[in-house]
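We did not get these values from a lab; they are worked out from the coordinates using the rules stated. This structure is a prediction, so every number in the text was calculated from the model and none was measured. Because the Cβ atoms are built from the backbone with ideal geometry, glycine has one as well, and the counts that use them run over all protein chains shown.
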Amino acid sequence: MFAVSQPPGFPEALILVAAFERPIYCVLPEASVRGPFARLVARSLGIIVWEDESASAEKDLRAASKVLASGGTLLMFADRGPAPQDACDAVASTAVSVVSEAESQLAGLQVTIHPVHLFLPVPPSKSRESLIYVDSPLARPADHGDDEVLALDSTLETRFRENAFQLPPPDLGYFLGDLEEVLRASLQDDWGARPNWKQDAEGFVLSRLVAEWARQANYLQPGRLVTLRESLDNYRRLQQQIALRQLEVEAAGSWLHSGLRRALVWLETLLGFPIALFGLLNHLLIGALLLVAGSFKKNRHRTRSTEWMIRGAVVLGCYALQIFLVAHWWGRAEAGYYAPALLVSGAYLGRFWWLVRHQTRLLIISFNIPSLASKAQRLRRALLAELDQTLAVYEERAGVPQ
């Protein structure tokens, strides 16, 4: 038997059936195989559909046990079985019931049970790779009986908790801490939007239900937990980006809060761009020669005065060459206009570079902060909506009263 540490699902069953070369018979609950097409595919693949009614459940139990008794390979998912269980973590009872029924027909032989760990990426994760890890078989005692069945149930659940794809305990703790912070921030924003609301969300902590779900999902559905972790990381990175940009804007000084100064910076940026572009085109040859000469790199063999002499010689030589070529092709009058324009555009190119780095960039950043904040709120709402949906499924499976 392959006992999969994953809640039952039809897509998961198709992936596992395709992954193994040997014929495999899967057991799925009726709720996982919905629609006539899915039932047709399940029937063609030999999937045993577990009915909800007790009489049908016993019939399906015998059918699954017969596969093992006849030497076949059975694949079962983590499930609580047809009978209600007292513990929410009793996820191996169905597989243990099938094994016990099959071994009663095997005249003393034992079923070899391999725990299987499955990692399936869940949207909106960008990962598209499904991973399957077949663990070593369970070590089992030779005797049978009720104690051996309970021990097998406990052993299989323990191996489920050792999922190869789960988050390490420190990372799970960080995830719960970050999730608590996001939930508290969402609650604070919701209360802050209400008029005359005085209560603070600082004293609120993560509920025990969420902590129990995260602990169980870490070994039963690591793909979903990793997806939530990725969404949470994306939200926190965006929050950090917003905070850094706000810090830059606040440190810029009072000019950024003056409408006149902001308008002048925009105006100079727009009007100065053609001049700076003209200067850049006229200084491309100078930049290329200085790059080849290694003037932009730190050279320990040259003194500072030598470096500036090289730069000055290159600039003056290129200026003389360019003015000579303009005079040769278009005449001396045009060269007379070109020479001061060359000097002015070169000087303004440095001014424009400073303007873009220190003022225009801050203007763009200040305009983008509100849109980034709206994006962060959308990410947080999507994250919390996904969390609510996941917790609703968990509450339904665990039998938590609404």
Straight-line reach from K375: which lysines have a Cα under 29 Å away, not including same-chain ones fewer than 8 places off? K126, K198
Report, for the chain, the % of DSSP beta bridges that are antiparallel, rounded to 5. 25 percent
Rounded to one decimal in nm, the spacing of the 7 Å Cα→Cβ label points at E129 and L209 is 3.7 nm
Phi angles of the stretch 361-366, converted by Karplus (6.51 cos²θ - 1.76 cosθ + 1.60, θ = phi - 60°) into ³J(HN,Hα) in whole Hz with x for Gly and Pro, give 4, 5, 4, 5, 4, 5
Order by protection proxy (mean Cβ within 10 Å, highest first), peptides 220-231, 333-344: 220-231, 333-344
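Taking 25 Å as R0, compute the FRET efficiency from the Cβ-Cβ separation of V292 and W353 and round it to 0.05. Don't skip to the end; give the middle numbers.
Details: r = 21 Å, r/R0 = 0.86.
The computed FRET efficiency comes out at 0.70.
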Among V249, V111, which comes first, then next, by fewest other beta-carbon atoms within 10 Å? V249, V111
If you build the Cα gyration tensor of the chain and take the root of 5 times each eigenvalue, what three semi-axes come out, in whole angstrom, biggest first? 70, 28, 19
Test of understanding: what is the full-extension gain from R361 to L40, defined as 0.36 nm times their sequence separation minus their Cα-Cα distance? 109.5 nm
In terms of the alpha carbon gyration tensor, root eigenvalues a ≥ b ≥ c, rounded if a/c is under 1.5 and otherwise prolate when a/b exceeds b/c or oblate, the stretch 246-366 is oblate
Fewest-first ranking of K298, K59, using other Cβ atoms within 10 Å as the exposure measure: K298, K59
³J(HN,Hα) computed for each position of the stretch 244-259 - Karplus, 6.51 cos²θ - 1.76 cosθ + 1.60, integer Hz, glycine/proline x: 5, 5, 5, 5, 4, 5, 5, 7, 6, x, 6, 5, 6, 9, 9, x
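Packing-wise, with mean Cβ within 10 Å as the measure, how do 28-40, 155-167 rank, highest first?
Working: 28-40: 14.4, 155-167: 18.9.
Highest mean packing first, the order is 155-167, 28-40.
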Which parts of the stretch 338-380 would a label at V249 reach, counting a residue when its backbone N lies under 20 Å from a point 7 Å out along Cα-to-Cβ? 356-380
Let me know the charge dipole size of the chain about its Cα centre in debye, to the nearest 20, where only the beta-carbon of Lys, Arg (+1) and Asp, Glu (-1) is charged. 3420 debye
Straight distance only, please: which aspartates and glutamates reach the Cα of K59 with their own Cα at less than 20 Å, same-chain residues fewer than 8 apart left out? E30, E51, D79, E101, E103
Considering the dipole of the chain built from charges on the beta carbon (Lys and Arg +1, Asp and Glu -1) around the Cα centre, which of S305, Y394, P340 is farthest to its positive end? P340
Point-to-point label distance, A263-V393, nm (Cα→Cβ direction, 7 Å offset): 5.6 nm
Using θ = phi - 60° and the Karplus form 6.51 cos²θ - 1.76 cosθ + 1.60, what ³J(HN,Hα) does each residue of the stretch 22-27 get, whole Hz, x for Gly and Pro? 6, x, 10, 9, 9, 10
Rounded, prolate or oblate for the stretch 167-402? Axes are the square roots of the Cα gyration tensor eigenvalues, ordered a ≥ b ≥ c, and the cut-off for rounded is a/c under 1.5. prolate
